[in-house]
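Mind looking over this structure? Questions follow.
The values are calculated or read from the model by the stated rules, or taken from the named source; none is laboratory data. Predicted, not measured: the structure shown is a model, and the values here were computed from it. All Cβ positions, glycine included, derive from the backbone under ideal geometry; neighbour counts span all protein chains shown.
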Amino acid sequence: MLSLPLLAVLVQSLNGAPVDALQAPAGTKAIVFLFTSTDCPISNRYAPEVQRVVREFSGKGVVFRLVYPNPVDHAGAIREHMAAFSYEGALDGLRDPAHTLVKFTKATMTPEAVVVAAGRVVYRGRIDDRYVDLGVERPSPTVHDLADALAAVLAGKPVPHATTQAVGCFIADFAR
């Protein structure tokens with residue numbers, strides 16, 4: 001299993017049960033946490049690209065999890081969101097209302113991808129460079145940061161750019 005010894009990062013399943021986000025099936029080479037929101041337009045526009053990356057890497061030992069950090073995103077709204085954007089069956093949906101995983105990964109945006117391999121964060125940032133800044137979008141991306149990070153992990157190489165700046169909606173610190 002891919003996990004840190006003696007460390008659990010507890011989040012919630014959509015049924016409200018505690019889940020250790022770092023636990024994964026035997027043979028898992030990486031866990032990808034995709035921080036999202038039911039109401040972030042940039043997160044929602046990334047659904048097709050997220051699905052493409054999931055199709056490309058899920059059969060290669062990569063586990064994908066959608067993480068909803070906004071405490072007001074209740075399970076019913078998350079299930080509706082996952083159905084509307086065709087995430088059901090391809091990704092696990094998790095709630096992180098206490099921001100346990102947000103703090104562990106240092107995620108700040110939705111959408112933001114975090115790759116954990118060998119028990120540590122090896123990539124955090126944008127899915128690709130389609131969004132240059134808020135309101136500034138390329139017709140198509142020129143760099144596929146998440147896919148490149150996963151290819152490096154699977155090849156046993158260091159991720160070339162371990163941190164990139166995600167563009168989207170800020171994860172508010174609702175826990176304060």
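Would a scan of region 36-48 turn up a residue that is of a type in the set (A, V, I, L, M), in a loop (DSSP other than H, G, I, E, B) and either surrounded by fewer than 20 Cβ atoms within 10 Å (Cβ to Cβ) or in contact with a Lys or Arg (Cβ under 9 Å, 6 or more places away or on another chain) (or both)?
no
List pairs: first residue in region 135-164 and closer than 18 Å to A107 by Cα and in contact (Cβ under 8 Å) with a residue 24 or more places away in the chain, second residue part of a loop (DSSP other than H, G, I, E, B) and among the hydrophobic types (A, V, I, L, M, F, W, C) anywhere in the structure, Cβ distance under 6 angstrom, at least six positions apart or on different chains.
Within 6 Å, the pairs are L146/I127; A149/V159.
Still on this structure, please answer the following. Please note which strands (runs of 3 or more DSSP E) are completely contained in region 64-150 and include at least 1 residues that are among the β-branched types (V, I, T) and at negative phi.
The strands (runs of 3 or more DSSP E) meeting that bar are 112-117, 120-125, 131-133.
Test V72 against the criterion of being among the aliphatic types (A, V, I, L, M) and either at pLDDT 95 or above or within 18 Å of A8 (Cα to Cα) (or both), and give yes or no.
Judged against the criteria, V72 is not a match.
Being surrounded by 19 or more Cβ atoms within 10 Å (Cβ to Cβ) and out of contact with any helix residue (DSSP H, G or I) (no Cβ under 7 Å at 6 or more places or on another chain) narrows it down to one of E112, E137, so name that one.
Numbers: E137 fails: surrounded by 19 or more Cβ atoms within 10 Å (Cβ to Cβ).
Going through E112, E137 in turn, just one is surrounded by 19 or more Cβ atoms within 10 Å (Cβ to Cβ) and out of contact with any helix residue (DSSP H, G or I) (no Cβ under 7 Å at 6 or more places or on another chain): E112.
What are the pairs, 6+ residues apart or on separate chains, where a residue within region 112-128 that is free of Cβ contacts under 8 Å to residues at least 60 places away in the same chain has its Cβ under 6 Å from a residue that is of a type in the set (S, T, N, Q) and part of a strand (DSSP E or B)?
So the pair list comes out as R124/T163; G125/T163.
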